[in-house]
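Colleague: Following this message is one structure expressed as structure tokens.
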Amino acid sequence: MTTKAPQDAEEHGRILPFKPRNAPKAGAFGNLARNSSPPDESAVRDLSKFSTGDAEPDDFSHRMKMNALVAVVLVVLTGCGMWIIDTMAQVRKNQDCALTGRRNCMVISAPAVDR
């Protein structure tokens, strides 16, 4: 398929003039690239409130105890989840067996009789 070159200068198209936008509007979705402040001024005014120099000292032993407690809770929750999954699988297996019409689906443990 071949393309045909335009014959006239008007067929090349025309340029649309776009007017520049006004100052950026304040809001949650404001343009971060355009900043009305001078370039030498920082975007973040004061970072001293985030410094850790004035805060209380870090209690390492308390933090480690809390980490250990969280680890224990996660292990218990994981174990409970695994137990529930195993129980649900066993119940489903027994229901499937019973719905097929079998009579010996449940395993009954009986003590061994000594003779």
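Colleague: How far is it, in nm, from the label point at residue 72 to the one at residue 110 when both lie 7 Å from their Cα along the line to the Cβ?
Modeller: In this crude label model, residue 72 to residue 110 measures out at 4.5 nm.
Colleague: Say each of residue 90 and residue 45 gets a label point 7 Å from the Cα, pointing the same way as Cα to Cβ; how far apart are those two points in nm?
Modeller: Each label point lies 7 Å from its Cα, and together they span 6.4 nm.
Colleague: Related question: Once label points are set 7 Å from the Cα along Cα→Cβ at both residue 22 and residue 83, what is their separation, rounded to one decimal in nm?
Modeller: 6.6 nm
Colleague: Treating each Cα of region 58-115 as an identical point scatterer and ignoring solvent, apply the Debye formula and state log10 I(q)/I(0) at q = 0.17, 0.21, 0.25 Å⁻¹.
Modeller: -0.75, -0.87, -0.96
Each reported figure results from applying straightforward, stated rules to the coordinates on display, with no laboratory input. Nothing here was measured: the structure is a model prediction, and the numbers come from that model. All Cβ positions, even for glycine, are placed from backbone atoms using ideal geometry, and neighbour counts span all protein chains on display.
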